[in-house]
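Peer 1: Provided herewith is a single structure, encoded as structure tokens, for subsequent inquiry.
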């Protein structure tokens with residue numbers, strides 16, 4: 001049976017962990033878990049979605065453009081960055 005643990009069960013689990021590995025070991029484990037989570041979050045590139053006026057969507061990231069009124073968009077789905085006129089873009093989230 002799959003169920004969620006309550007706050008009391010979670011606290012009991014932490015107390016057992018501290019007893020088993022000691023306070024110093026528990027602090028080390030918690031620090032390593034926090035560092036691993038931060039590292040995983042830092043490795044993920046920030047991604048956005050370009051929403052086009054015609055209803056199309058393209059995942060990727062905004063890039064700089066030398067041409068005024070041109071939106072340059074780098075998507076992992078295409079080999080080269082895409083260029084759109086500003087009027088073709090509805091939004092970027």
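The values are calculated or read from the model by the stated rules, or taken from the named source; none is laboratory data. Model, not experiment: these values are computed from the prediction. Note: ideal-geometry Cβ built from the backbone for every residue, glycine included; neighbour counts use all protein chains shown.
Peer 1: I'd like the residue in segment 1-22 that is loosely packed, with under 10 Cβ neighbours inside 10 Å and assigned to a helix (DSSP H, G or I) and, out of all such residues, is modelled with the highest pLDDT.
Peer 2: 8
Peer 1: Of the residues in segment 76-92, how many are farther than 13 Å from residue 51 by Cα and surrounded by 12 or more Cβ atoms within 10 Å (Cβ to Cβ)?
Peer 2: Residues flagged as farther than 13 Å from residue 51 by Cα and surrounded by 12 or more Cβ atoms within 10 Å (Cβ to Cβ) within segment 76-92 amount to 3.
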